[in-house]
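> Handing you a structure now.
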Amino acid sequence: MTQNQTAAPPNPAAFSSSPDVLAEVRGRVGFITLNRPRALNALSLPMVRALTATLQQWKDDAAILGIAIRGSNKDGVFGAFCAGGDIRFLHQTGSDGDPQLEDFFTEEYQLNHLTHHLGKPYIAFMDGIVMGGGMGISQGASLRLVTERTKMAMPETAIGLFPDVGGGYFLSRSPGAVGEWLGLTGQTIGGGEAVAFGLADGVVASAQQAALWDALAGDFADAAALDAFVRSHFEDAPAPATAQREAIDRVFSLSSVQAIIDTLEAATDDWSQSTAQTLRKRSPLMLHIVLEQVRRARNLSLADDLRMERDLVRHCFHGRADRQCNSETLEGIRALAIDKDHSPHWKPARIEDVDAAEVQAFFQSPWPASGHPLASLT
């Protein structure tokens with residue numbers, strides 16, 4: 001049976017949750033399909049709530065051995081996992097001062113934490129685009145499956161944000177200075193590179209995904225048998241970016257953003273020049289914040305990292321008094337997705353002009369510990 005033959009979703013009547021999050025149980029596995037293909041399955045607040053409710057229910061159901069999640073595309077299933085959070089929603093609610101913005105981040109980060117603590121196999125089919133919020137709902141999986149079509153990134157510095165949804169936690173645990181490189185540049189990597197950098201567990205051929213997905217509904221003795229069955233489908237894949245590991249570690253382990261950009265711009269090789277040009281397009285303030293975020297996160301638990309990121313995202317949308325109506329993040333989203341002029345007016349405009357005191361201010365929580373929105377996470 002080909003993938004095209006199995007691409008059409010099953011009868012919607014068999015599903016629960018919401019129109020954008022389809023959920024069903026077959027055999028002893030719960031199956032989730034993100035079903036917002038025209039938006040590349042970008043997460044909305046209703047989707048976050050539907051995912052949380054479904055995972056909570058299945059987490060506590062002893063009859064369910066494991067959970068699998070995939071995305072859909074305009075032609076069927078697979079091919080696109082999740083492009084992140086709904087940035088148009090973030091721009092609108094952030095511009096209007098809508099409290100749903102606060103709800104979105106609090107509940108999304110709670111969902112991210114939950115995916116790490118399900119206590120049973122959680123299998124993420126990370127085909128196609130896997131970015132931002134898509135990483136947040138897949139990095140907690142016990143089996144993170146990528147394909148030759150995977151395009152993985154944490155590109156938030158391009159919109160004046162930082163790699164949130166636990167990005168500090170999982171990027172900081174990549175080898176060497178790969179986390180700093182991915183977080184600052186927003187570089188897109190493929191499936192083989194994701195495995196090499198500790199952001200995926202194995203490559204499965206895209207043409208084999210449908211058969212593997214359907215086979216998960218079979219008869220498995222226990223969770224270990226389910227895990228072993230999935231791993232038996234892994235195959236090798238190229239990882240071209242690993243050729244730059246020495247340069248990545250040497251440059252992105254430097255002590256500051258200024259040292260990183262100076263070193264890159266002083267070099268004459270193509271990789272250094274291209275990387276420097278990329279960094280010069282990103283939010284200078286966010287570059288400094290991301291470097292601090294990733295390095296702090298190396299010594300934090302997931303719960304503490306998410307609390308730190310909840311503080312950071314609050315500051316990103318509210319910021320200083322003189323940026324209340326034009327935060328770095330709102331400006332970045334405007335330039336990329338609203339006006340689409342791709343010419344954000346960053347404040348400050350240059351890496352050299354970022355105030356170290358302002359960077360540190362982002363790491364000061366606006367809430368007392370007992371009143372933090374994520375105080376209950378452990």
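The values are calculated or read from the model by the stated rules, or taken from the named source; none is laboratory data. Keep in mind it's a predicted model, so treat the numbers as computed, not measured. Positions of Cβ are generated from backbone atoms using ideal geometry, with glycine treated the same way; all protein chains shown enter the neighbour counts.
> Among the listed residues Thr268, Thr275, which satisfies the condition of being touching a residue at least 40 places away in the same chain (Cβ under 8 Å), more than 30 Å from Gln364 (Cα to Cα) and assigned by TED's automatic domain parsing to the domain that holds Arg334?
Thr275
> Scan the stretch 245-258 and tell me whether some residue there is at pLDDT 95 or above, touching a strand residue (DSSP E or B) at 6+ places or on another chain (Cβ under 7 Å) and surrounded by 15 or more Cβ atoms within 10 Å (Cβ to Cβ).
no
> Could you run through the stretch 186-226 and say how many residues are not polar (S, T, N, Q) and not in a loop (DSSP other than H, G, I, E, B)?
Summing the residues that are not polar (S, T, N, Q) and not in a loop (DSSP other than H, G, I, E, B) in the stretch 186-226 gives 20.
> Based on this model, can you work out whether Asp214 counts as among the charged types (D, E, K, R), within 24 Å of the chain's Cα centre (by Cα) and surrounded by 13 or more Cβ atoms within 10 Å (Cβ to Cβ)?
Judged against the criteria, Asp214 is not a match.
> Return the only residue of Leu65, Leu45, Leu40 being of a type outside the set (Gly, Ala, Ser), within 25 Å of Leu374 (Cβ to Cβ) and surrounded by 16 or more Cβ atoms within 10 Å (Cβ to Cβ).
Leu45
> Filter the stretch 326-378 down to residues that are closer than 20 Å to Gly186 by Cβ, of a type in the set (Ser, Thr, Tyr) and outside any helix (DSSP H, G or I), then give me how many there are.
Residues in the stretch 326-378 being closer than 20 Å to Gly186 by Cβ, of a type in the set (Ser, Thr, Tyr) and outside any helix (DSSP H, G or I): 2 in total.
> If you don't mind, another one. Here are Arg250, Arg298: which of them is touching a Lys or Arg at 6+ places or on another chain (Cβ under 8 Å), in the same structural domain as Pro366 (by TED's automatic domain parsing) and under 23 Å from Val195 (Cβ atoms)?
Working: Arg250 fails: touching a Lys or Arg at 6+ places or on another chain (Cβ under 8 Å).
None of the others qualify; the one that does is Arg298.
> Taking the stretch 108-118 on its own, how many of its residues are surrounded by fewer than 17 Cβ atoms within 10 Å (Cβ to Cβ) and among the acidic types (Asp, Glu)?
So the answer is 0.
> Considering each of Asp98, Asp103 in turn, give the residue that is assigned to a loop (DSSP other than H, G, I, E, B) and surrounded by fewer than 23 Cβ atoms within 10 Å (Cβ to Cβ).
Asp98
> Sticking with this one: Return yes or no: is Ser138 of a type in the set (S, T, N, Q) and surrounded by fewer than 21 Cβ atoms within 10 Å (Cβ to Cβ)? I'd like the intermediate steps shown before the answer.
Details: of a type in the set (S, T, N, Q): yes; surrounded by fewer than 21 Cβ atoms within 10 Å (Cβ to Cβ): no.
Taking the combined requirement at face value, the residue does not satisfy it.
> What's the total number of residues in the stretch 277-304 that are of a type outside the set (Ser, Thr, Tyr), under 25 Å from Lys347 (Cα atoms) and surrounded by fewer than 19 Cβ atoms within 10 Å (Cβ to Cβ)?
5
> Oh, and also: Scan the stretch 75-109 residue by residue and report those that are more than 17 Å from Pro155 (Cα to Cα) and of a type in the set (D, E, K, R).
Within the stretch 75-109, the first condition is being more than 17 Å from Pro155 (Cα to Cα), and the residues that meet it are 75-79, 89, 92-109.
The answer is Asp75, Asp96, Asp98, Glu102, Asp103, Glu107, Glu108.
> Here is a further query. Considering only residues of the stretch 154-177 that are at positive phi and over 14 Å from the mean Cα position of the chain (by Cα), which is surrounded by the fewest Cβ atoms within 10 Å (Cβ to Cβ)?
That would be Gly176.
> I've got another one for you. Which condition from (1) charged (D, E, K, R); (2) without any contact (Cβ under 8 Å) to a residue 40 or more places away in the chain; (3) buried (at least 24 other Cβ atoms within 10 Å of the Cβ) is the one that Lys151 breaks?
Going through (1) charged (D, E, K, R); (2) without any contact (Cβ under 8 Å) to a residue 40 or more places away in the chain; (3) buried (at least 24 other Cβ atoms within 10 Å of the Cβ) one by one, Lys151 breaks only (3).
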